[in-house]
1. If we keep just the residues of region B:42-58 that are assigned to a helix (DSSP H, G or I) and touching a residue at least 40 places away in the same chain (Cβ under 8 Å), which is surrounded by the fewest Cβ atoms within 10 Å (Cβ to Cβ)?
2. Would you check if there is a residue in region A:3-20 being within 14 Å of chain B (Cβ to nearest Cβ) and either touching a residue at least 12 places away in the same chain (Cβ under 8 Å) or farther than 30 Å from residue A:131 by Cβ (or both)?
3. Can you name the number of the only condition in (1) outside any loop (DSSP other than H, G, I, E, B); (2) away from chain B (no Cβ under 14 Å); (3) over 17 Å from residue A:238 (Cα atoms) that residue A:139 fails?
4. Residues B:129, B:123: which one is touching a residue at least 40 places away in the same chain (Cβ under 8 Å), assigned to a helix (DSSP H, G or I) and closer than 16 Å to residue B:64 by Cα?
5. Exactly one condition in (1) surrounded by 17 or more Cβ atoms within 10 Å (Cβ to Cβ); (2) facing another protein chain (nearest Cβ under 8 Å); (3) without any contact (Cβ under 8 Å) to a residue 60 or more places away in the chain is false for residue B:20; which is it?
6. List the number of the failed condition for residue B:184; all other conditions in (1) farther than 20 Å from residue B:80 by Cβ; (2) within 17 Å of the chain's Cα centre (by Cα) hold.
7. For region A:46-71, how many residues meet the condition of being at pLDDT 95 or above, assigned to a helix (DSSP H, G or I) and at the interface with another protein chain (Cβ under 7 Å from one of its Cβ atoms)?
8. Within region B:149-162, track down each residue that is surrounded by fewer than 20 Cβ atoms within 10 Å (Cβ to Cβ) and within 22 Å of residue B:254 (Cβ to Cβ).
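The values are calculated or read from the model by the stated rules, or taken from the named source; none is laboratory data. This structure is a prediction, so every number in the text was calculated from the model and none was measured. FYI the Cβ positions are ideal-geometry reconstructions off the backbone, even for glycines, and counts take in every protein chain you see.
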């Protein structure tokens, strides 16, 4: 019974957050347009790189666009749900975390609903547009398994990028004033995930596959559906293990997050 | 000591107290540098060993210097004046015996000096070792490069200052800031060097002040631009500096009349 009541709180909280954003309509729309443009900006980089080098890391423009689109969708959903974890340092500094800890609700859901940023949906929409355009031009084998691989890449991409936000949040308990450290793997991971893994230098390739697994969120699944073999460190069959990579990254994130919360002793307030 | 030098020194010291933040910046810029190196080398390789005038060595120099000056020339995320308008603290700033624009400008110089010494230099040293890239040997390259970086820093400050001034007209500046961030990130050559742009995009970039605050300083200090062309590039930077100076003076003048002080 108590469970039921607790669960029913979340829709109310999220609805309230969304209504409060809609109250400032111009600001909301400008922000949404801005998020959309951020996607466009990242795609512009790919467009420029591919106009200089028509075959890039063994892929053509539509193929790289497909990688970009799938990674964007996974990251976009993760940012929509877990992006608020980025505010943890300011929650800690302002002593706001205590007020979360005193409530009879789990910490992570409270954090992520503290400001549910609907504008981030624009990023997802951009990824979806890119996907629709890319598949028109790409030589994908359309079989049930290949569709499953692509849908799976978005689902597990969502899981993996979400775990990175939680992992970064966990690190913040040690890193007050050093918050930028975590950008290296959250936003660095996103950057690597959106591009062909084949272009990366060897240490980056290894790190962003076996430690922070973002090459598996789009590049490897795309290789699989294009029926390409892949290359050193990144053979395409690794894509079949995407769920394992997702479990690993959540395991890592959960351990660090738990240790971080246990270490937390308050910042006054 | 003159108040200007005191402002520079105070901001320099303030920045130097955040040691962990500097270390974090070095680490993150370093990781992104390694990613960018691969991204750009692949384009050069894919284009047959040369793209937009970059070969493997000059592409790495672009990445190295680009990451090294990023702390000194930050392009976004500075809303200090806009925040002070929202809280009403701007009233204190305007009551100071020093002009608002000058006051923040000298603080920005102090910040930049610390960021270059504490963040830029370590990245240059570590990056040169890891990427194994030979720096230019002509001392004139560094002379031109330093002038270019100083001009770039000034242009960057004026652009960010102008963006903050929007808050004198409207308190909701976040949307404008996001649009500015998108424009400056692409057109400054931060994401990809402007020399790789297709012609139409290059024309748009050259019509903006943004390459003058990032791409041109890198071109100068990495030895991509040499000879008489150096004066050309420095001249373009000077023109943008003049335009932005006039623009920001006009905006400051009219903005101060429009400003509504919040709170009490």
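1. Within region B:42-58, the subset assigned to a helix (DSSP H, G or I) is B:42-46, B:56-58.
Narrowing further to those that are touching a residue at least 40 places away in the same chain (Cβ under 8 Å): B:43, B:57-58.
Numbers: B:43: 25, B:57: 14, B:58: 22.
Applying the filter and picking the extreme gives B:57.
2. Start the filter on region A:3-20 by keeping residues that are within 14 Å of chain B (Cβ to nearest Cβ), which leaves none.
No, that holds for no residue.
3. (1)
4. Numbers: B:129 fails: touching a residue at least 40 places away in the same chain (Cβ under 8 Å).
From the options B:129, B:123, the qualifying one is B:123.
5. Failing condition for residue B:20: (1).
6. Going through the list (1) farther than 20 Å from residue B:80 by Cβ; (2) within 17 Å of the chain's Cα centre (by Cα), residue B:184 breaks only (1).
7. Residues that pass the stated criteria total 2.
8. Within region B:149-162, just B:162 meets the criteria.
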